[in-house]
Amino acid sequence: MKYYVRKGYFGHLGIKEISFFKYWWYKLLGYVVYSVNPKKVKVYQLNEYDWWAGYSLESVKKAYIKETGVPEEEAFMDEGEVSDEAMDRFKYWGGEDNLYDYPITFREELQHMIDQGIEFPCFFATTEY
């Protein structure tokens with residue numbers, strides 16, 4: 001398994017791949033350490049209601065079908081990666097368990113999920129709450 005750490009105090013110098021031993025060293029020093037490469041995780045809109053996060057559209061679509069049981073013919077309409085501009089424009093209020101007092105951007109929520117160690121692909125957002 002590969003591990004990643006933010007370079008620089010605020011992560012402003014990018015992401016660096018590290019070994020398992022260094023993973024624990026960086027954790028002890030208080031750095032933010034990831035088991036996934038945060039630069040490779042993307043958000044994909046699958047239909048007019050649902051967004052999922054993962055490494056590729058194909059892996060997200062497979063996970064969506066497995067999780068929801070919706071037939072492929074009915075599940076996807078105009079699916080694709082959410083653009084960088086849209087990641088900063090689309091707002092996220094949270095789900096039933098974690099409502100925010102104010103909306104945050106999709107980019108902020110994705111970073112929050114990565115920081116929590118969520119496994120991808122997974123559900124990201126929906127308009128159906």
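Figures for the structure shown
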{"read-out": "Count - residues of segment 43-64 that are crowded, with 19+ Cβ neighbours inside 10 Å and either within 21 Å of D88 (Cβ to Cβ) or of a type in the set (V, I, T) (or both)", "value": "10"}
{"read-out": "Selection status of E85, out of contact with any Lys or Arg (no Cβ under 9 Å at 6 or more places or on another chain), outside any loop (DSSP other than H, G, I, E, B), loosely packed, with under 10 Cβ neighbours inside 10 Å and at pLDDT 90 or above", "value": "yes"}
{"read-out": "Hits in segment 48-63 - residues which are without any contact (Cβ under 8 Å) to a residue 40 or more places away in the chain and not basic (K, R)", "value": "S56, L57, E58"}
{"read-out": "Enumeration of residues in segment 97-129 that are surrounded by fewer than 12 Cβ atoms within 10 Å (Cβ to Cβ) and at pLDDT 80 or above", "value": "E119, T127, E128"}
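A quick yes/no check of all residues on (1) outside any loop (DSSP other than H, G, I, E, B); (2) at pLDDT below 80; (3) more than 20 Å from the chain's Cα centre (by Cα):
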| site | (1), (2), (3) |
| --- | --- |
| M1 | no, yes, no |
| V5 | yes, yes, no |
| K16 | yes, yes, no |
| Y26 | yes, no, yes |
| Y31 | no, yes, no |
| P38 | no, yes, no |
| E58 | yes, no, no |
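The values are calculated or read from the model by the stated rules, or taken from the named source; none is laboratory data. Predicted model only: the values in this text are computed from it and were never measured. All Cβ positions, even for glycine, are placed from backbone atoms using ideal geometry, and neighbour counts span all protein chains on display.
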